[in-house]
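Working notes for the structure below.
Each value in this text was obtained by applying a stated rule to the coordinates, not by laboratory testing. Computed from a prediction, not measured in an experiment: that's the story for all the values here. Here Cβ is always computed from backbone atoms with ideal geometry, including for glycine, and neighbour counts include all displayed protein chains.
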Amino acid sequence: MGLTCIHAGVDSLAVVDVNGWLIPAVVAAVAVSTSLLSAIAGLGGGVILLGVLAQFFAPTVAIPIQGGIQLFANGSRAVSLRRDISWSVAGWAALLLLPASILGAAVSTAVPVSATRITLGVFLLVMIWRPKVLRFEPTNGPSRVVLVGVGAVSGLINSTVGASGPFTSPFFRAATASHVAFVATAATSQVTANPSKLVAFGLSGFSPMDYIGVIAAGSSGAVLGTMIGTRLLGNVNEVVLARIFRTVLTLLALRLVLRGLGVL
């Protein structure tokens, strides 16, 4: 699908202001807080960032923009926690990420924008309120073959609904020795997943340079949030963070569904 088709899904607000200051400023502020959340809890921040981006852009544009921002967020987190990374786990999970991401992008760009909004919104609501539906709990430490399969499914999910954490986190937790190792390894895995997402949508016509202001602002905020979050790791009440995460994401998801239905 060409560039024109991708851009047809961009909201009028985004067209007017994507090179202005409002959207980049909002994205930068959200990226600071969501990257801080991810640095502390391991996952979750990128999902809220995606939910915010999807308020301004069609999901097929919001997903690769989020991928560009999260590349810096996860990269800075992986560097900060590099001594705790389980390289074998991240490596095996990365093997099929790119082809799976390309397949997912082809699917997501082939359906109407309203359908992608509703799908993304429903997915986020299920992830928040019925997370067990999306999770497969490994009974033992996952084997190499399982990790390769986890990576493939992660690439497919990342390019269709933009968030694979609910699926991958149980496997990464089971394969790592501590919470810090889990956070470090999950971030490292996403360092591979995010470029795969960008390449996949690039083949469908997405150009990062058209949204460079938003990506740059979000990336700067993400790095700052990671720097703060890694210093707070282990010293913040994760129960409170979980409640904030659930409330904010529920509101964003409901708005996406309503917009997809034409109510808003």
Spin-label model distance (nm) - T247 vs S114, 7 Å beyond Cα toward Cβ: 3.3
Within segment 55-91, the residues whose backbone N lies under 13 Å from a label point placed 7 Å from the Cα of L254 along the Cα-to-Cβ direction are none
What is the gain in length, in nm to one decimal, between S207 and R82 on full extension, counting 0.36 nm per residue of separation less the C-alpha to C-alpha distance? 41.9 nm
Which helices of the chain meet both criteria: a Cα extent of 27 Å or more along the helical axis and a mean Kyte-Doolittle score no lower than 1.6, with helices taken as whole DSSP H segments? 22-41
If you rank L249, L241 by fewest surrounding Cβ atoms within 10 Å, what's the result? L241, L249
Report the residue, chosen from G162, G202, G121, that carries the largest GNM mean-square fluctuation when the chain is represented by alpha-carbon nodes joined by springs under 10 Å. G202
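Between Rg and the Kirkwood Rh of the chain, both from Cα atoms, what is the Rg to Rh ratio?
On the Cα set of the chain, Rg over Rh gives 0.94.
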Candidates V79, V89, V183; GNM for the chain (alpha-carbon contacts under 10 Å) flags as most fluctuating V79
